[in-house]
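Worksheet for the structure shown next.
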Amino acid sequence: MSVIIRGLSRRFGSAQALQDIELSVRAGEFVALLGPSGSGKTTLLRILAGLDFADGGTVQIGGVPMEGVPARRRGIGFVFQNYALFRHMTVFENVAFGLRVRPRASRPPEAEIAARVRRLLERMGIPELERRLPEQISGGQRQRVALARALAIEPPLLLLDEPFGALDAAVRHGLRRWLRELHNEMSLTSLFVTHDQEEAMALADRVAVLQAGRIAQIDTPEMVLERPANAFVAGFLGQAARLPAMLRDGAVDFAPLPLPPLPREALVSAPDRDGPVQAFIRAHEWRAEPAAPGQANAVLRSARPSGGMLQADIALGELTVEALLPAGPLRAGSPCLLRPLTARLFPA
Amino acid sequence: MMAACSTAFTSRAADAMAAPPSAALRTRPGSLASRRGPLPGFGLSLGVALFWLSALVLIPLGALLLRPWELGVSGLWRSLSEPRVLAALRLSFLGALTASAVTLPFGLLLAWVLVRDRFPGRRLLDAMVDLPFALPTAVAGLALTALYAPNGWLGAPLAALGVKVAYTPLGVILAMAFVGLPFIVRTVEPVLRDLPREAEEAAATLGASRPQILWRVVLPALAPALLAGFAMASARAIGEYGSVIFIAGNMPMVSEIAPLVIVTRLEQFDYAGAAAVGLAMLALSFLLLLALNLATRFWRPV
Amino acid sequence: MHGGRSSLAGTLLLRGLAVLVLVLFLGLPLLAVLAEALRRGAGPALAALADPDALASIRLTLLVAAITVPVNTVGGLAAAWCITRFRFPGRALLLALIELPFSVSPVISGLVWVLLFGSAGWFGPWLEERGLQIVFALPGLVLATLFVTFPFVARTLIPLMQEQGATAEEAAATLGASGWQSFFRVTLPQIRWALLSGVLLCNARAMGEFGAVSVVSGHIRGETNTMPLHIEILYNEYQFVGAFAVAALLALLALVTLAAKMVLERRGGGA
């Protein structure tokens with residue numbers, strides 16, 4: 001079910017939590033809201049669910065305006081950050097809750113509720129847990145119960161707030177793939193909030209990057225990574241070194257850093273006009289060759305092998321640059337000649 | 001008002017869900033409650049709570065604040081400056097402060113043992129601390145009187161030593177200490193429990209002796225809690241009636257407490273005079289709690 | 001616990017002192033009540049309880065508690081709900097005012113009602129004309145008891161509900177539950193033990209209150225005497241066995257309350 005957000009704003013006291021949010025999600029899409037903490041992503045999700053309220057702007061879900069529709073009438077599946085399972089109910093009762101609180105007229109008979117709950121628990125791979133209490137199961141299992149509970153009301157839209165935030169790395173990876181498959185099989189429309197860029201890249205069809213209450217960029221994971229829309233996105237994603245530089249006469253000059261200039265043709269992106277810029281250079285975009293002490297501009301501090309490459313910390317003047325280099329003769333302590341292959345430039 | 005007494009509530013700092021006051025201004029009829037947050041019941045619960053509070057607490061206390069002024073300022077002064085009233089107020093306040101001060105080390109001892117020691121029967125002792133909370137004051141008064149009367153289990157040996165407890169100011173202080181003890185223990189206990197053991201262990205590795213650790217590390221950390229407990233115990237003891245009047249003997253000018261003066265004046269239908277003493281008690285308690293609260297703040301250089 | 005012999009000795013010394021203080025200072029009075037009540041054996045004590053005036057005082061005490069406890073439970077629940085689930089101007093003030101009755105002398109808690117409804121009170125003459133009696137009658141006892149037991153339920157619930165937060169109710173809302181459904185199926189089960197504990201404490205105080213009801217009662221035997229007041233009357237008439245027998249019954253109530261509270265606190269950490 002499609003979601004259309006137009007001009008959405010939200011203030012908390014003097015803090016602008018969301019500002020002029022424009023976002024359209026097509027039915028069947030899996031969209032990540034990615035941003036640092038405090039960027040407003042959870043607030044946006046809560047407004048969609050009817051758990052918080054906008055000061056301005058509109059939300060349409062499935063073509064229906066949501067203004068004045070309380071959370072309980074929206075029928076949206078919401079998975080809370082810490083799952084918010086009902087602690088006094090068994091897993092079965094948790095999942096059945098949304099069906100049991102329906103008005104008598106639309107409430108399925110108890111036998112059908114039971115069948116649906118069991119089917120869902122089966123689908124989640126946890127049929128054996130139905131009699132347990134939330135405190136008696138693991139974090140990953142709770143996550144599945146929370147998902148089953150949200151899906152029991154057959155929501156056209158699924159919202160997930162940091163769905164893997166409370167899990168350890170191994171469980172997180174397994175659940176991630178599983179959630180993506182579930183989304184496809186059940187033809188859901190899903191939005192999830194995360195601060196973990198790797199997670200957003202691995203799961204989402206499109207990623208919306210939030211910066212201080214605004215959407216800085218919304219694009220496919222590849223585009224967000226390759227063509228960041230502004231300096232914030234470039235800095236937030238892909239672990240790039242950020243260097244001050246000057247764009248003039250068709251080249252980037254890194255002075256006073258002792259780096260060779262880069263011609264404009266080598267750049268991934270750059271402003272049209274000359275002037276001071278910030279250059280973002282990712283780890284794999286560096287090259288370093290051994291050099292005599294007189295010609296060297298940097299010193300390799302330390303290096304360790306990483307998948308056929310060399311993960312190196314290189315001292316460049318007072319800066320330390322992380323570089324992912326092809327395996328070579330360099331070793332810790334070697335003076336070297338460091339140069340960027342390319343860069344993404346944004347006006348400073 | 002009694003800020004020291006609301007320490008039991010853990011008030012969380014600004015919650016992210018806070019609805020700004022301005023949000024309520026631009027809503028359509030009926031949606032005001034929903035603007036406060038996603039949950040229903042704001043209007044209903046606030047209405048019930050305000051009615052409950054006003055009808056049972058605010059309006060009656062309003063009467064207490066207003067009635068004494070019927071006497072006029074000079075009449076009010078005369079009413080309060082009767083030697084018998086002054087003596088009773090002095091006994092209630094000084095007695096309460098003395099009782100709390102004497103109880104303080106015992107309260108600290110009990111809190112310490114309950115938090116740091118593990119032994120069979122500890123839970124029973126823990127429950128016993130609340131006994132003065134749960135025991136009806138008249139029962140406590142009766143029990144203390146029986147125990148400390150000149151022919152009582154403890155009163156007889158004390159009398160042999162020449163110490164009279166029952167029917168003297170000492171008895172008043174004893175009863176006040178009895179009702180105040182749990183307040184001190186229960187205020188110090190959670191703070192002591194949260195006190196990191198590492199600080200003491202670090203002090204020990206730095207060569208501090210046990211008394212030094214207690215005096216320089218533990219007590220300063222507990223000082224605000226001890227003061228707060230002292231304040232609560234005093235507040236309770238100042239107003240205490242049931243457990244005191246049985247053992248006090250109630251001799252005017254000697255062992256008569258302020259609440260009893262109120263009762264006596266009411267029996268003589270001197271409503272304004274009774275209210276004057278009540279108001280004086282409230283005002284003095286308030287000043288006392290305010291002073292202790294300021295002292296606590298001074299102790300906690302944030 | 002750990003450390004050398006001196007630290008073990010210190011621990012034992014402190015433990016011994018603590019036990020001594022508790023037993024001598026808190027335990028012994030309780031024992032004294034039971035001993036005095038049974039001084040002439042169980043017969044006279046039971047007879048004192050079966051006395052018509054004693055029975056009337058027991059009935060009245062139960063009646064007063066049966067009215068005040070539900071009122072303060074509903075009020076306390078409403079206050080806890082709006083204070084912990086919403087932000088509004090004056091919230092901190094409301095919180096402080098709810099605690100207020102705890103720092104007011106019981107005698108003042110009774111006095112305020114006399115000032116309002118006594119024969120020389122603000123509304124006294126008006127009530128008298130209409131033949132309504134509040135002070136020196138059941139309504140006065142109820143009002144005074146309501147005042148002194150006012151904070152108990154709210155005070156036990158608010159810290160817990162604050163800590164639990166609103167996410168469970170929010171989850172219920174996204175699943176389609178109405179406000180009342182959410183309250184009865186999610187909120188109430190989550191706070192049931194704390195609620196019960198608050199209700200028990202409220203009840204213990206309601207049944208045991210002395211100072212406040214003493215002021216508004218008028219001490220009419222068989223009519224406006226609650227159990228604690230009956231104790232005083234018997235004591236002043238030198239009927240010690242009777243006084244201590246009724247006192248022992250109230251002490252028993254306190255013990256049961258404490259035991260129940262201990263059990264409730266062990267259960268799910270007060271939740």
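Things worth noting here:
- Conditions (1) open to solvent by 50 Å² or more (accessible area, probe 1.4 Å); (2) in contact with a Ser or Thr (Cβ under 6 Å, 6 or more places away or on another chain); (3) touching a residue at least 60 places away in the same chain (Cβ under 8 Å): number failed by A:Arg131: (3)
- B:Ala127 small (Gly, Ala, Ser), surrounded by fewer than 21 Cβ atoms within 10 Å (Cβ to Cβ), under 22 Å from C:Leu38 (Cα atoms) and out of contact with any Ser or Thr (no Cβ under 7 Å at 6 or more places or on another chain): no
- The residues of segment A:293-323 that are in contact (Cβ under 8 Å) with a residue 40 or more places away in the chain and touching a Cys at 6+ places or on another chain (Cβ under 7 Å), listed by number, are A:Ala296, A:Ala298.
- Matching option when the condition is in a helix (DSSP H, G or I) and either facing chain C (nearest Cβ under 9 Å) or on the phi > 0 side of the Ramachandran plot (or both), among B:Phe93, B:Phe106: B:Phe106
- Filter result (outside any helix (DSSP H, G or I) and either basic (Lys, Arg) or surrounded by fewer than 24 Cβ atoms within 10 Å (Cβ to Cβ) (or both)) within segment C:205-226: C:Gly218, C:His219, C:Ile220, C:Arg221, C:Gly222, C:Glu223, C:Thr224
- Within segment C:183-203, the set of residues being among the hydrophobic types (A, V, I, L, M, F, W, C), within 12 Å of chain B (Cβ to nearest Cβ) and touching a Lys or Arg at 6+ places or on another chain (Cβ under 9 Å) comprises C:Leu200, C:Leu201.
- Identity of the residue in segment A:66-75, more than 16 Å from A:Leu44 (Cα to Cα) and not in a loop (DSSP other than H, G, I, E, B), that ends up nearest to the other protein chains (Cβ to nearest Cβ): A:Arg72
- A:Arg104 meets all of the listed conditions (1) at pLDDT 90 or above; (2) open to solvent by 10 Å² or more (accessible area, probe 1.4 Å); (3) within 30 Å of A:Gln211 (Cα to Cα) but one, namely (3).
- Tally, over segment B:247-278, of residues that are within 23 Å of the chain's Cα centre (by Cα) and open to solvent by 30 Å² or more (accessible area, probe 1.4 Å): 1
- Checked against (1) open to solvent by 20 Å² or more (accessible area, probe 1.4 Å); (2) closer than 24 Å to C:Ala177 by Cα; (3) within 10 Å of another protein chain (Cβ to nearest Cβ); (4) free of Cβ contacts under 8 Å to residues at least 60 places away in the same chain, A:Thr42 passes all but a single condition, namely (4).
- Residue among A:Arg118, A:Arg177, A:Arg142, A:Arg132 that alone is of a type in the set (D, E, K, R) and outside any helix (DSSP H, G or I): A:Arg132
- Count - residues of segment C:194-204 that are surrounded by fewer than 24 Cβ atoms within 10 Å (Cβ to Cβ) and closer than 16 Å to C:Leu146 by Cβ: 3
- Residue check for A:Val95: part of a helix (DSSP H, G or I) and within 29 Å of the chain's Cα centre (by Cα): yes
- Of the listed requirements (1) open to solvent by 10 Å² or more (accessible area, probe 1.4 Å); (2) in contact (Cβ under 8 Å) with a residue 60 or more places away in the chain; (3) hydrophobic (A, V, I, L, M, F, W, C); (4) at the interface with chain B (Cβ under 10 Å from one of its Cβ atoms), C:Leu253 misses just one: (2).
- Residues in segment C:155-182 that are closer than 20 Å to A:Val69 by Cα, open to solvent by 20 Å² or more (accessible area, probe 1.4 Å) and facing chain B (nearest Cβ under 9 Å): C:Ser178, C:Gly179, C:Trp180.
- Neighbours by Cβ (under 6 Å, 6+ apart or cross-chain): first from segment A:255-282, open to solvent by less than 20 Å² (accessible area, probe 1.4 Å); second assigned to a strand (DSSP E or B) and of a type in the set (Val, Ile, Thr): A:Leu262/A:Val252
- Inter-residue pairs, beta-carbon under 7 Å, first more than 8 Å from chain C (Cβ to nearest Cβ) and among the hydrophobic types (A, V, I, L, M, F, W, C) and in segment B:237-248, second open to solvent by less than 10 Å² (accessible area, probe 1.4 Å) and assigned to a loop (DSSP other than H, G, I, E, B), 6+ apart: B:Val244/B:Ile257; B:Ile247/B:Ala166; B:Ala248/B:Ser255; B:Ala248/B:Ile257
- Residue list for segment A:83-121, filter: among the β-branched types (Val, Ile, Thr) and without any contact (Cβ under 8 Å) to a residue 40 or more places away in the chain: A:Val101, A:Ile113, A:Val117
- In segment C:227-250, the residues that are open to solvent by 10 Å² or more (accessible area, probe 1.4 Å) and either of a type in the set (S, T, N, Q) or over 14 Å from C:Ala37 (Cβ atoms) (or both): C:Glu232, C:Ile233, C:Asn236, C:Glu237, C:Tyr238, C:Gln239
- For first residues located in segment C:9-21 and within 9 Å of another protein chain (Cβ to nearest Cβ) and without any contact (Cβ under 8 Å) to a residue 12 or more places away in the chain, partners that are of a type in the set (A, V, I, L, M) and open to solvent by 30 Å² or more (accessible area, probe 1.4 Å) and lie 6+ apart or on another chain with Cβ distances below 9 Å form the pairs C:Thr11/C:Met1.
- In the set B:Arg84, B:Arg67, only one residue is loosely packed, with under 13 Cβ neighbours inside 10 Å and in contact (Cβ under 8 Å) with a residue 24 or more places away in the chain; that residue is B:Arg84.
The values are calculated or read from the model by the stated rules, or taken from the named source; none is laboratory data. As the structure is a prediction and not an experimental result, all values here were calculated from the model. Cβ: placed from backbone, ideal geometry, glycine included. Neighbour counts: every protein chain shown. Side chains are part of the model used for accessible areas, which takes the heavy atoms of the whole protein and leaves out ligands, DNA and RNA. Shrake-Rupley method; radii C 1.70, N 1.55, O 1.52, S 1.80 Å.
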